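Asker: Shown below is the structure under consideration.
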Amino acid sequence: MSKRFRSCDLNQAILLPPSLQDWLPEDHLARFLVDVVEELDLSSFYAHYEEGDGRGKAAYDPRMMVRLILFAYCWGVVSSRRIERATYDSVAFRYLAANDHPDHDTIAEFRRQFLEGLKGLFVQVLQLCQRAGLVKLGHVAIDGTKMKAHASRYRNRKYKQLQQEEKQLQEEVEKLLARAEQVDQAEDQQYGRSQKGEELPQELAQPERRLEKIRQAKASLEQEARERAERKKREVEQQLAERREREQQSGRKLRGRPPKLPDEEAARPKPNSAGNLTDADSRILRDGATKAFVQAYNAQAAVDEEHQIIVAAEISQDRNDRAQLVPMVEQVASNSGKKPAAVTADTDYYSPKQVRHKSLAGIEIYIPPDEPRPRPGTVPTGKMTVAEGLRQKLRTEEGRAIYKKRRETVEPVFGQIKQGRGLRQFLLRGLQKVSGEWKLICLTHNLLKLHSAGWTGCPN
């Protein structure tokens, strides 16, 4: 008896138009995203289109564009060209695009234009996770990971090199401009009759672009140095105020030299500070996992223990996490509406000033300090230091149990983002854009958790 097969005739005509609702199973992630987007407030997206005069081609509905981009990031697809191709090749992408096919320029422009709006969806998705009972804020673990920038570390230049190259290029540009002025009378011959004469000559365009990139790299290093000096100034002023208060209370002058305010030189970049010509805001950072130096950003995340929901996310240019504890905890409270009961972080986050900050009042902090332990035989002062207090807390059974959960709470999240979804490098450039993209990556992580938990929509 011969085997029978189902028909696979590619020329078989479909008598009735297919329904998009028949393309995917009921529990598919794409269907879930449609429901989620209906719950989100996209008024800021729509407000942009109300400013137009109504003429021209009809625009794509922001709902469709948002769900297309969110779905793409859920699957680790960030290239606008790959997203465009997927609207033809992938049933799920076709479904989300309502069988339409926005081109890659339109997708890239929508992401660029509405990056702040997409970034703002992070809190809205977090609120959906809270309403679904996935966020408890009993224990939040904070950590950072080095995410590669869309730039090569071989495009770095030292600050002193940038100064020299800027001077040389400026002189070259001035010479080219002077020569262009001399031949201005022969404009038609030089530029061609089809040009207006306003375009940069080819030999001038390249130095101009390079000069612009050099100035961007210099400006980024100078801004970082100013911010670092300002932070140092605020810290020293606080120390001086505390010193004066102790002197007034004791009625005598304290021993030792008072801390010194940073001078003007501290607000300038060091000659060997490196700036990148491709992404001026990125930095050479050491990857904690591979121990290799990469051109990257320091991506921060605060993760709730209950279901590994990211409750705060931010981007830093700092090479360590020393100054990140307070900003991250404050963002957790702002995003979630309340403070976490306990916060854990590794020793790289330890700073006496950060741990004692008023924003952390009422929160149990579990961070192993990196300060050296007192030498045997040292006479105790009678007052426990910040570091000693943290060590004592971590020696308790409760402290050990909570801190043990830090690694299994936050580190798998970075694995799910980098290894599971293949998101190891940012597509966008510049601190502001990268910050928006990191929030987009983190909010889609939360969407995947919400989908896994079986969320079916919020009750009316």
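The values are calculated or read from the model by the stated rules, or taken from the named source; none is laboratory data. All values derive from a computational prediction rather than experimental measurement. Cβ coordinates were reconstructed from backbone atoms using ideal geometry, including for glycine residues, and neighbour counts include every protein chain displayed.
Asker: Mind checking which helices (runs of 4 or more DSSP H) fall wholly inside the stretch 383-460 and carry at least 1 residues that are within 30 Å of residue 279 (Cβ to Cβ), within 16 Å of the chain's Cα centre (by Cα) and not assigned by TED's automatic domain parsing to the domain that holds residue 35?
Answerer: Where helices (runs of 4 or more DSSP H) fall fully within the stretch 383-460 and carry at least 1 residues being within 30 Å of residue 279 (Cβ to Cβ), within 16 Å of the chain's Cα centre (by Cα) and not assigned by TED's automatic domain parsing to the domain that holds residue 35, they are 397-415, 431-452.
Asker: Please list, ordered by first then second residue, the pairs with beta carbon atoms under 8 Å, 6 or more apart or interchain, first in the stretch 378-399 and of a type in the set (Gly, Ala, Ser) and surrounded by 14 or more Cβ atoms within 10 Å (Cβ to Cβ), second at pLDDT 85 or above and outside any helix (DSSP H, G or I).
Answerer: 387/350; 387/369; 399/366
Asker: State whether one or more residues within the stretch 277-288 are closer than 28 Å to residue 344 by Cβ, buried (at least 22 other Cβ atoms within 10 Å of the Cβ) and modelled with pLDDT of 90 or more.
Answerer: Initial filter on the stretch 277-288 (closer than 28 Å to residue 344 by Cβ): 283, 285-288.
From what is left, the residues that are buried (at least 22 other Cβ atoms within 10 Å of the Cβ) are 283, 285.
From what's left, modelled with pLDDT of 90 or more: 283, 285.
Within the stretch 277-288, one or more residues are closer than 28 Å to residue 344 by Cβ, buried (at least 22 other Cβ atoms within 10 Å of the Cβ) and modelled with pLDDT of 90 or more.
Asker: Separate question: Any residue at all in the stretch 284-298 that is without any contact (Cβ under 8 Å) to a residue 12 or more places away in the chain, at positive phi and out of contact with any helix residue (DSSP H, G or I) (no Cβ under 8 Å at 6 or more places or on another chain)?
Answerer: Looking through the stretch 284-298, at least one residue is without any contact (Cβ under 8 Å) to a residue 12 or more places away in the chain, at positive phi and out of contact with any helix residue (DSSP H, G or I) (no Cβ under 8 Å at 6 or more places or on another chain).
Asker: Considering every residue within the stretch 37-56, establish whether at least one is touching a Lys or Arg at 6+ places or on another chain (Cβ under 6 Å) and outside the structural domain of residue 422 (by TED's automatic domain parsing).
Answerer: Restricting attention to the stretch 37-56, the residues satisfying the condition of being touching a Lys or Arg at 6+ places or on another chain (Cβ under 6 Å) are 37.
Still in the list and also outside the structural domain of residue 422 (by TED's automatic domain parsing): 37.
Within the stretch 37-56 (the criterion being touching a Lys or Arg at 6+ places or on another chain (Cβ under 6 Å) and outside the structural domain of residue 422 (by TED's automatic domain parsing)), the answer is yes, since at least one residue qualifies.
Yes/no matrix, rows are residues, columns are (1) more than 30 Å from residue 336 (Cα to Cα); (2) part of a helix (DSSP H, G or I); (3) among the aliphatic types (A, V, I, L, M); (4) touching a Cys at 6+ places or on another chain (Cβ under 7 Å):
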residue	(1), (2), (3), (4)
209	yes, yes, no, no
212	yes, yes, no, no
227	no, yes, no, no
233	yes, yes, no, no
261	yes, no, yes, no
269	yes, no, no, no
281	no, no, no, no
299	no, no, yes, no
306	no, no, no, no
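Asker: Taking helices (runs of 4 or more DSSP H) that do not extend beyond the stretch 76-157, which have at least 3 residues that are closer than 19 Å to residue 30 by Cα and of a type in the set (Ser, Thr, Tyr)?
Answerer: Fully inside the stretch 76-157 and qualifying: 80-89.
Asker: Only one of (1) under 16 Å from the mean Cα position of the chain (by Cα); (2) under 30 Å from residue 138 (Cα atoms) is not met by residue 304, so which one is it?
Answerer: In the conditions (1) under 16 Å from the mean Cα position of the chain (by Cα); (2) under 30 Å from residue 138 (Cα atoms), residue 304 misses (1) alone.
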